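Below is one structure, written out as structure tokens, with a few remarks after it.
Readers should treat all values here as calculations from the given coordinates under stated rules, not as data from a laboratory. Note that the structure is predicted; figures quoted are calculated from it, not measured. Cβ sites come from the backbone with ideal geometry, for glycine too, and all protein chains shown count toward neighbours.
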Amino acid sequence: MGEKDYINIVNLSKSFGNIKALDNINLSINNGELLTILGPSGCGKTTLLKIIAGLEKPDIGDIFIDGFKINDVPPYKRNIGMVFQDLALFPHLNVIENIAFGLKIKRLQENEIKEKVSKILELVKLPIEEYGNRKVTQLSGGQQQRVALARALVLEPKVLLLDEPFSHLDYKIRQELMVELKRIQRSLNITTIYVTHDQTEAMFMSDRVAIMYNGKVFQVGKPSEVYDNPINTFVATFFGEVNIIEGKLNNGYILVDGWKPIKLRNIKINNNGSDHVHIILRPEKIKIGNANKNNFIAKGKIEDMIFLGPFVKIDIKINDKQYLKALTPRDTCKEVNIGKEVSINWSLNDMKIFPGD
């Protein structure tokens, strides 16, 4: 365990019958860090969160918080705040009563409860004078989310766990709350684990991100590190948009239908003895030029163009089997239109190459 580690998950596994939900998870979260666990539905991320919270027991493995093993500590003694996807607010109680519920169980004095509730409502931008006496059913979805967050934070937990908290909200509200949550998390310096299947949320929210699939953690790193240097095709495809192209190795060259042969200078490939490879290329790395240009890797025809504000997404047909997606600034493609023949180029350093099937 490192000096900065606040949460340590060691050799953790969990099965439900014949289904292995978690398979030997090892993960460390730094003090004050926001770590996002990103993965598709059923990958085990919520199970991991429940085990940390004490709502599930691991089959094997240990969990440490601040150096203390908590495997046998009951949930109410772990000092962990959790916000569920369904919020679990009490519909018959008003905002103050919802937030004060846990404080009353702790038998705090009424004046202390009122002070804590008022402060936390200010923090989540729901002033007590305006919102305190409203029933939660009278609030918008975004306001209810703020109440759920306030209820978790008012208990001053050591750790905050968030299980897809914004998945039911529309895009604009979700963006606003992500900004607010990041502000609150940093202002309180609370160690936070955020679970989502949304890569945009993961990129925006995370100090680091852990990519999960089939009960395993594949890669952990800063969002920029994982995006630029994925360790396999799954991570590359799940964390950002990519082109995946099938190729072959032949005498120091990569051969792809419709491309000029690419010399493998300074490109390391662990292809496990196979001559088949998968080439990973991000759309924004592709440069589109005049079809008459001599210096190109491939040529193709523009099949579609999608307006994305300052960017344009361009679909290019190389041949009957191959299409490439390019993402380019809007002002660089004024002379490009559907049906036009173009040359395509990119830096060879921008290609990631993995073993093929």
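From helices alone, the chain scores -7000 deg cm²/dmol at 222 nm; the rule is -39500 (n - 2.57) for each run of n ≥ 4 DSSP H residues, then divide by the residue total. Out of the stretch 149-248, which GluC sites (Glu not before Pro) are coil in DSSP terms and have no more than 12 other C-beta atoms within 10 Å? Listed in order of number, the matching sites amount to none.
Using alpha-carbon positions, what is the distance between the centroids of the stretch 295-357 and the stretch 195-213, in Å? Taking the Cα centre of each part, the stretch 295-357 and the stretch 195-213 sit 27 Å apart. The HN-Hα couplings worked out from phi for the stretch 134-140 by the Karplus form 6.51 cos²θ - 1.76 cosθ + 1.60 (θ = phi - 60°) are 7, 5, 5, 5, 8, 9, 6 Hz, whole numbers, x standing for Gly and Pro.
Take every DSSP beta bridge whose two residues both sit in the chain; close to 75 percent of them are antiparallel.
Spatially, the stretch 125-173 and the stretch 31-52 are offset by 20 Å when compared through their Cα centroids.
Panel order for Ser41, Ser206, by other beta carbons found within 10 Å of each beta carbon, from fewest to most: Ser41, Ser206. Taking K and R as +1 and D and E as -1, what net charge do the other residues with C-beta under 14 Å from the C-beta of Lys285 add up to? Here the count lands on +1.
Restricting the stretch 1-81 to GluC sites (Glu not before Pro) that sit in a DSSP loop and have at most 10 other Cβ atoms within 10 Å of their own Cβ leaves Glu3.
Ranked by Cβ crowding within 10 angstrom, fewest neighbours first, how are Val147, Val256 ordered? Walk me through the intermediate numbers first.
Working: Val147 24, Val256 18.
Least to most surrounded, the residues fall as Val256, Val147.
Counting charges near Lys248 (Lys, Arg +1; Asp, Glu -1) among other residues having Cβ under 11 Å from its Cβ returns a value of -3. Shape analysis of the stretch 196-332 yields a ratio of the Cα radius of gyration to the Kirkwood radius, Rg/Rh, of 0.99. Before anything else, pin down the relative contact order of the chain: Cα pairs under 8 Å, at least 6 apart, normalised by residue count, whole percent. Value for the chain: 16 percent.
Under the convention that each Lys and Arg Cβ holds +1 and each Asp and Glu Cβ holds -1, the size of the dipole of the stretch 205-357 around its Cα centre is about 340 debye.
What are the GluC sites (Glu not before Pro) within the stretch 249-351 that DSSP puts in a loop, where the Cβ has at most 14 other Cβ atoms within 10 Å?
Working: sites: Glu284, Glu303, Glu335, Glu341; in loops: Glu335.
Passing sites in the stretch 249-351 are Glu335.
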